[in-house]
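Data block below; observations after.
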Amino acid sequence: MSHRVWSTRDPLPAEFERAWETRLSRSPFAHYAMRLDWLRWEADLGRHALAVLVDELAGALVLRAVRGGWESGWPWRWQAVIEEDDSATGLDPAQCAMLLRVARSVSDGARVRFFGPGVPPPGVAGWPGGITVHQSLAASDDELFMRLDDKKRRNIKRARRDGFAVVVADRPEQFRAFKRLQIETEERRRATSDGSGPAAPADSGAPEREPAPGHDWREWELPWQRLLVAERDGIVEAGSGFGFHPGGTLDYRANASSLAGKKSYANMLLGWEAIRSGRELGFRRINWGGATRFKRDLGGDPVGVWCALEGGPLWAIPNAVTASIGRVRPRLSAWWHSMRGSKSGGENG
């Protein structure tokens, strides 16, 4: 199968750059982690990758260098696209199989871990890697709004009635405020998970330090990032951060809120504004980066993401063992959580 490869360790040929940009511009599923500026940024941080144009499929594939081989995608986001495919997943099983063969051919015998929608091809080791909610924006605002259930529409109205408005963050003080909310939200989650009860709002000076451009709370300055914040009386009470590819997919990456923002459903307002403004800006899809109840209720379709393993004959047995462990792990995790729940219930009863 014909393909062209650019390694981020090498200079970028102008012809490859033009071909890559053209191909991604034609795919609704193109996202920030396939952008050439993102790949260059990662390479500058020592995280290298291969960008592969699969001409026979009119496809594109990214393989990131990881310990022991190569990896494409994550359990909630695949790094492979086909031109002009606006199905629920953007890739069918046959296309995934072809992309996996290309990945193997450019890997020089190293192990390849490929995350894609659907199931691995017959004879390829794999397991369910995760699930995400992918949403088409090919509808009017009214149609998209009506896909939300009655409760979610009431929550949006409640947030507005409580004085919240959503804006695109574009100032350092907004970025810092969102970082404080992330710290506060993480403290609340940690307190809940270890059973110690709700935590007091965090009072951290960390967001006040000045990181390098593009790092820490300044990540929202990067050209593939978009941060929406919900403000009331000029105070940031909640925020949702996204990565994006112009004309392609908006990817949900971060969220945090104060207790007041959470109580007034500011997160629901942020979700709706991401949908509404995303459509207005020409994005064709949103990937919500998981499948929680909140994300399912926003109107998208759950998509199963499988991890397939390749790498040639030398990797056949290790891949089979890894896949077996991957298939068993969710059941062991469910059993462990059920045992902890039973134990907790007995102690508190």
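With r as the distance between the Cβ atoms of Val167 and Arg67 and R0 = 51 Å, compute the FRET efficiency 1/(1 + (r/R0)^6) and round to 0.05.
0.80
Taking the highest mean first, how do the peptides 57-64, 35-42, 173-180, 209-216 order by number of other beta carbon atoms within 10 angstrom per residue?
57-64, 173-180, 35-42, 209-216
Can you list residues whose amide H is under 5 Å from Phe283's amide H, if they're 5+ apart or on another chain and H is modeled 1.01 Å from N?
Here the answer is Gly247, since their amide H atoms fall under 5 Å of that of Phe283.
Find how many whole Å separate the alpha carbon centroid of segment 65-108 from the alpha carbon centroid of segment 135-185.
Going from one Cα centre to the other spans 32 Å.
What's the ranking of 73-85, 138-150 by average number of surrounding C-beta atoms within 10 Å, highest first?
73-85, 138-150
Given charges of +1 on the Cβ of Lys and Arg and -1 on the Cβ of Asp and Glu, with all other atoms neutral, how large is the dipole of segment 139-283 about its Cα centre, in debye to the nearest 20?
540 debye
Specify which residue in the list Thr185, His245, Trp217 is farthest towards the positive end of the charge dipole of segment 139-283, using unit charges on the beta carbon of Lys, Arg (+1) and Asp, Glu (-1), about the Cα centre.
Value: Thr185.
Could you give the dipole magnitude of the chain about its Cα centre, charging the beta-carbon of Lys and Arg +1 and that of Asp and Glu -1, in debye to the nearest 20?
Taking the Cα centre of the chain as origin, the dipole is about 1140 debye.
Just the number, please: percent antiparallel of the DSSP beta bridges in the chain, rounded to the nearest 5.
So the antiparallel bridges in the chain amount to around 90 percent.
Counting pairs on different chains as well as pairs 8 or more places apart, how many Lys pairs in the chain have Cα atoms under 21 Å apart?
13
Using the Karplus curve 6.51 cos²θ - 1.76 cosθ + 1.60 with θ = phi - 60°, work out ³J(HN,Hα) for each residue of segment 264-271 in order, rounded to whole Hz, and write x for Gly and Pro.
8, 6, 4, 5, 5, 4, 4, x
Per residue of segment 126-131, in order, report the coupling 6.51 cos²θ - 1.76 cosθ + 1.60 (Karplus, θ = phi - 60°) as ³J(HN,Hα) in whole Hz, putting x for Gly and Pro.
Whole-Hz 3J(HN,Hα) from phi for segment 126-131: x, 7, x, x, x, 8.
Enumerate the calculated ³J(HN,Hα) couplings along segment 15-21 in order (Karplus 6.51 cos²θ - 1.76 cosθ + 1.60, θ = phi - 60°), each rounded to whole Hz, writing x wherever the residue is Gly or Pro.
Taking θ as phi minus 60°, the curve returns 5, 5, 4, 5, 5, 5, 4 Hz for segment 15-21.
Readers should treat all values here as calculations from the given coordinates under stated rules, not as data from a laboratory. Remember, predicted model here, so these are calculated numbers, not experimental data. Cβ coordinates were reconstructed from backbone atoms using ideal geometry, including for glycine residues, and neighbour counts include every protein chain displayed.
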